[in-house]
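Structure first, then comments.
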Amino acid sequence: MRKEFPFEKLEVWQDARKLVRSVYECAESFPASERYGMTSQLTRATVSVANNLAEGSGRSSLKDQAHYSSQSYASLMETTCDLILSTDRGFTSAEVTDPILNQAYDLSVRIHNLRESQLRRAAQA
């Protein structure tokens, strides 16, 4: 059994990891002509959500942690926009994207709350 990194224990990171899985499964059905377009943009954005949470967890100051939480949130907004646009273009259906968008919405609330908590604790320090 391998050892866990601290960020792996964060529920918000675990949720971001699940979102990555869902987005990749969705993107597999996109047209081959979008491999270097929307598919790449969407998957990079969603991976960035999890990456920024992990990177922020390794920062020593709460202000730095909040910065990476903000970056994660911004990447999540990019992910959701790309999902909506992909549905608009007919690369996937609302039946596929709506549950992922709901998952992303719930994650957005958690990331927002994490950032607010980090900023509040930084102000008290």
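Every read-out reported here was derived from the displayed coordinates using simple, explicitly stated rules and does not represent laboratory data. Model, not experiment: these values are computed from the prediction.
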Per-residue ³J(HN,Hα) for the stretch 50-60, Karplus 6.51 cos²θ - 1.76 cosθ + 1.60, θ = phi - 60°, Hz, x for Gly and Pro:
5, 4, 5, 5, 5, 5, x, 5, x, 8, 7
For the stretch 90-100, what does the Karplus curve 6.51 cos²θ - 1.76 cosθ + 1.60, with θ = phi - 60°, yield as ³J(HN,Hα) per residue in whole Hz, taken in order and with x for Gly and Pro?
x, 6, 8, 10, 4, 4, 7, 7, 4, x, 5
Roughly speaking, what % of Cα-Cα pairs in the stretch 16-124 are separated by over 25 Å, rounded to a whole number?
25 percent
Radius ratio Rg over Rh of the stretch 30-90, counting only Cα atoms, Kirkwood formula for Rh:
1.13
Whole-Hz couplings from phi, Karplus 6.51/-1.76/1.60, listed for the stretch 67-75; x for Gly and Pro:
4, 6, 5, 5, 4, 4, 4, 4, 5
